[in-house]
1. Please report the Cα spread of region 78-137 along all three principal axes, rounded to whole Å, starting with the longest.
2. Alpha carbons only, please: Rg and Dmax for region 2-174, in angstrom.
3. Just need the relative contact order of region 2-174 here, percent rounded to a whole number, with Cα pairs under 8 Å and 6+ apart.
4. Out of 43, 138, 65, whose Cα points farthest toward the positive end of the dipole of region 2-174 (charges: +1 Lys, Arg; -1 Asp, Glu; placed on Cβ)?
5. Placing +1 on the Cβ of each Lys and Arg and -1 on the Cβ of each Asp and Glu in region 2-174, which of 55, 150, 116 has its Cα farthest towards the positive end of the resulting dipole?
6. Distances over 20 Å make up what percent of all Cα-Cα pairs in region 119-178?
7. Going by average Cβ density within 10 Å per residue, which order do the peptides 127-139, 110-122 take, highest to lowest?
8. Around residue 99, with a cut-off of 10 angstrom between Cβ atoms, what is the net charge of the other residues, counting Lys and Arg +1 and Asp and Glu -1?
Amino acid sequence: MKQLAGITGVFNLAAATSSAQTAAPAANPYTSSIKAQAEQARGLILRTAEKVPEGLYGFKPTPEVRSLGAILGHIADGNVLICGIANGDKPSFAPVHEKKTTRAEIVAALKESFAACDKVLATITDANGSSPVNMFGQQQPKLAVMAFNNSHTWEHYGNLVTYMRLKNIVPPSSERSQ
């Protein structure tokens, strides 16, 4: 029954996003879609960062993997790197946020990194979103780079869901609507 509620929640979330997007035709439908997906992922990541007790930020299911806090920090580092690439910046991966340990530091890093991505997205339209940028030695359209960033965020949200479930915490995407 819990799985059904979780699946229903995901479909409701997707339907809400879809209906919000189809309510009025967007001037830039591709860019608007990437932005909506980024906002959805950002909301779940920030709710996760704020929901999980700080004492669990060091939790690792096995010694070989990142801790829960390190995953959140990695998302912030990834945002800085990938959104910077979409902006045309030279890639330079510096995993500084992944090494942070307190909730306050990590939440601040996430918010700052999401704001940086928002600035980049604010400059992209459907018309210029096909402009190529160098992503790890390959030319990729700006919008594809931003879509990749969304995929990266969702990938790690999946990790976080597993970590939360192992600690009997209901992930934000599975919470019942109030």
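1. 41, 24, 10
2. Radius of gyration, then largest Cα-Cα span, for region 2-174: 16.6, 49 Å.
3. Numbers: 203 pairs, mean separation 50.1, N = 173.
29 percent.
4. 65
5. Farthest towards the positive pole: 55.
6. Working: 848 of 1770 pairs.
For region 119-178, the share of Cα pairs beyond 20 Å comes to 48 percent.
7. Values: 127-139: 13.1, 110-122: 17.4.
Put in order of decreasing packing, that is 110-122, 127-139.
8. On the way: positive: 100; negative: 77, 98, 105.
Combined, the nearby Lys, Arg, Asp and Glu give -2.
Every read-out reported here was derived from the displayed coordinates using simple, explicitly stated rules and does not represent laboratory data. As the structure is a computational prediction, the values presented were derived from the model and not from experiment. As a convention, Cβ positions derive from the backbone with ideal geometry for all residues, glycine included, and neighbour counts pool all protein chains shown.
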